[in-house]
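Remarks on the structure that follows.
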Ligand code: 5GP
């Protein structure tokens, strides 16, 4: 991955439903030098999701052909669906000297760490508890019962991998968690100057 600029690459991972998508949107809104890397996925869009904004929604056939073309920096199969960060969407952000925000799982983070030249900052967001996570997954009512159960099952494995991250934050209050992330970003930007 070419990183000619001093772009910061912030990886946010968490068990599904811990608030990471809301947090990444807040970061982008508060600082327009941050752009979210829009992933490709074979998952079906949720009611409020827009193609090209939330994800590039593609068929499994298309995803596999992109894989064959080596079009991804990293990819992962999660809950029967494929997700991947395309080289073109990241390079487009880097070309504009912007910072990149990745909303990806721990398997994707492991793959990005292999690119030693990157200014990676890795943050793992934990929900206050498994019970709270379950409440949030039910409250957002985007996923069926089966999908909620699968996401809860993945929870234990996900949190095992939190120790691979430089920062682990508990999201019991979205505003204070956001402030913590801003602090981490600021510290990393300072150390780059
Ligand atoms: P969701 O289906 O809820 O949007 O996302 C499920 C999981 O996929 C989340 O943990 C999210 O961070 C992860 N994810 C989304 N895009 C990517 C990607 O491009 N690569 C990887 N490795 N994980 C992703």
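List of remarks:
Residues checked against (1) closer than 30 Å to residue 192 by Cβ; (2) more than 10 Å from the ligand (Cβ to nearest atom); (3) touching a strand residue (DSSP E or B) at 6+ places or on another chain (Cβ under 7 Å):
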{"residue": "9", "(1), (2), (3)": "yes, yes, yes"}
{"residue": "28", "(1), (2), (3)": "yes, yes, yes"}
{"residue": "40", "(1), (2), (3)": "yes, no, yes"}
{"residue": "59", "(1), (2), (3)": "no, yes, no"}
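- Cross-chain or 6+ apart pairs with Cβ under 6 Å, the range 56-83 first and within 20 Å of residue 146 (Cβ to Cβ), then more than 9 Å from the ligand (Cβ to nearest atom) and part of a helix (DSSP H, G or I): 79/150; 82/63
- Selection count, the range 146-177, where residues are in a helix (DSSP H, G or I) and farther than 16 Å from residue 110 by Cβ: 14
- Among the residues making up the range 71-101, a single one is assigned to a strand (DSSP E or B) and more than 14 Å from the ligand (Cβ to nearest atom): 99.
- Any hit, the range 115-129, residues being at negative phi, out of contact with any helix residue (DSSP H, G or I) (no Cβ under 8 Å at 6 or more places or on another chain) and within 12 Å of the ligand (Cβ to nearest atom): no
- Exclusive hit being in contact with a helix residue (DSSP H, G or I) (Cβ under 9 Å, 6 or more places away or on another chain) and touching a residue at least 60 places away in the same chain (Cβ under 8 Å), set 172, 105: 105
The numbers here are math on the coordinates, done by the rules we state, and not lab data. Just so it is clear, the model here is predicted, and its values are computed rather than measured. Note that we place each Cβ from the backbone using ideal geometry, even for glycine, and neighbour counts take in every protein chain shown.
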